Every structure is written in structure tokens, then in C-alpha cells.
Amino acid sequence: MTDQPNPADPATRPTPSPPGPLFEQRLEERMERFGKEAEEAGHRLAANPVVRDATDTAARVWGLIVLAVGLWFLAEFTLGIDMPAIPWRDIWPLGLVIIGLAVVVRGLRRGDA
């Protein structure tokens, strides 16, 4: 048998030394620069009217979808109103069509601007 340490044994592995203050200072400076760049990019995007309009439209559409589904379940399960059964497995392609139409309309609107 040899006296060499087994690398698979955690007790014989050397422990890495913690990073020094220079490493921590450089990392902090890089994170600070990254934060400032991200903030500037956010301000540039927020100032762009095309991005702002697209964000508003997307937020409204998703808000209406969530509202409609929530009202449906509220009426059916909480208020006990007998809502018509929707075969979701047959309707999901309609969701794809709606998403596709939204993409086309947004592309047409972007071409007009």
C-alpha cells in the first residue's frame, strides 16, 4: 500500500484558501460597473416608445387573460355558477393562433412607425 492521499476522500483533500481582499475589491468594482451598465440599459429601453408600447400591450393582454381565467374559476368554484365545460385539450391551438396574431400585428405596427 502507498502513503499517497486519496483524492476521493474529503479528509485528505487540501482546503482552498479564501479569496483575499484584493479579489473581493475587484469583484465589488466589477459588480458596481455591471449594475450601472444595467441601469443605463434599462433607462434607454424605457425611453424607447416602441418598447414602452409593446410592454404596455403585452401587459394588458396577459392581464386580461389572467383576469378572465380567474373570473371563470371564481364563478364556477366559489359562487357555484354552472359554467359550460371547456375542453382545454381542444382549445389550446386557439392560444397559439392568438399569440401568432399578436406577433404579426406587432410586426405590422413596428413597420408603420
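Each reported figure results from applying straightforward, stated rules to the coordinates on display, with no laboratory input. The structure displayed is predicted, hence computed values, not measured ones. As a convention, Cβ positions derive from the backbone with ideal geometry for all residues, glycine included, and neighbour counts pool all protein chains shown.
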So for the stretch 44-95, using the alpha carbon gyration tensor with a ≥ b ≥ c as root eigenvalues (a/c under 1.5 gives rounded; past that, a/b versus b/c decides prolate or oblate), I'd call it oblate
For the stretch 42-113, the dipole about the Cα centre with charges only on Cβ (Lys and Arg +1, Asp and Glu -1), to the nearest 20 debye, works out at 440
Rounded to 0.05, the calculated FRET efficiency for the beta carbons of residue 36 and residue 82 at R₀ = 35 Å is 0.05
Residues of the stretch 40-72 with backbone N under 18 Å of the label point set 7 Å from the Cα of residue 94 along Cα→Cβ are 61-72
On the formula 1/(1 + (r/R0)^6), with r taken between the Cβ atoms of residue 103 and residue 23 and R0 of 35 Å, the FRET efficiency rounded to 0.05 is 0.15
Place a point 7 Å from the Cα of residue 54 in the direction of its beta carbon; the residues of the stretch 72-113 whose amide N falls under 19 Å from it are 98-113
